[in-house]
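Let me begin by presenting the structure, written as structure tokens, before commenting on it.
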Amino acid sequence: MPAKTVEMFVSLKVPDTTAITALQTLKKIGFNKINNVKREDYYKFLTEGDEQKFRKQISQVDILVNANKHFYDFSVKKDNTIKILVKNINGNGSGILSTLTKRLGFKQVKKAENGTLWSLSIDADEKGARKIAEKAAKELLVNENYQEYDIL
């Protein structure tokens, strides 16, 4: 059976103080067209076996999804925001992979990656919003010494 890629997005049920602080800071440094900032943890797994069974099992792993404080989804929400995926440059996911395979018995997971997905609501047309998002990423959301980003 061929390996499958499963992406999972985990967000807080309560107000995210990190995202609130990021928005306030962006406003202070001149990004007045950014109206809202949201943040989600991003996980990408290369897995073998039954994909639906894996999705059900991985969504119950409390080190990734605490049912009391997190929502999760397996697809990016389609909305009018610009998404910025931030990952560590040398972040090969070995820590999360080791925990899943050795401690929690997820032998079907062959590779894991993680990062942060920022969603910015920007008062501009798509081209202008992408330009503002790129600048915001470089000036605040990404440390280019050890992180890389993609605007989705």
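Read the figures in this text as sums done on the coordinates, not as results from a lab. In this text, all values refer to a predicted model and were calculated from it rather than measured experimentally. FYI the Cβ positions are ideal-geometry reconstructions off the backbone, even for glycines, and counts take in every protein chain you see.
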**Asked** Stretch residue 79-residue 152 to full length: gain in nm at 0.36 nm per residue minus the Cα-Cα span?
**Response** 25.1 nm
**Request:** Please give, to one decimal in nm, the separation of the simple spin-label points placed at residue 89 and residue 123, each 7 Å out from Cα toward the Cβ.
**Result:** 3.7 nm
**Fill in**
Beyond 25 Å (Cα-Cα) in this structure, taken from 87/131; 53/83; 38/78; 33/83, we find 53/83
**Fill in**
With the chain reduced to its Cα atoms and the Debye formula applied, log10 I(q)/I(0) at q = 0.08, 0.21, 0.22 1/Å amounts to -0.25, -1.33, -1.40
**Request:** Measure nothing fancy, just the Cα-based angle from helix 126-136's long axis to the longest principal axis of the chain, in degrees from 0 to 90, nearest 10.
**Result:** 80 degrees
**Asked** So what's the net charge close to residue 15: Lys and Arg +1, Asp and Glu -1, counting the other residues with Cβ under 12 Å from its Cβ?
**Response** +3
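Expressed in nm to one decimal, what extension gain is obtained for the pair residue 71 and residue 32 from 0.36 nm per residue of sequence separation less their Cα-Cα distance?
Full extension from residue 71 to residue 32 adds 11.1 nm.
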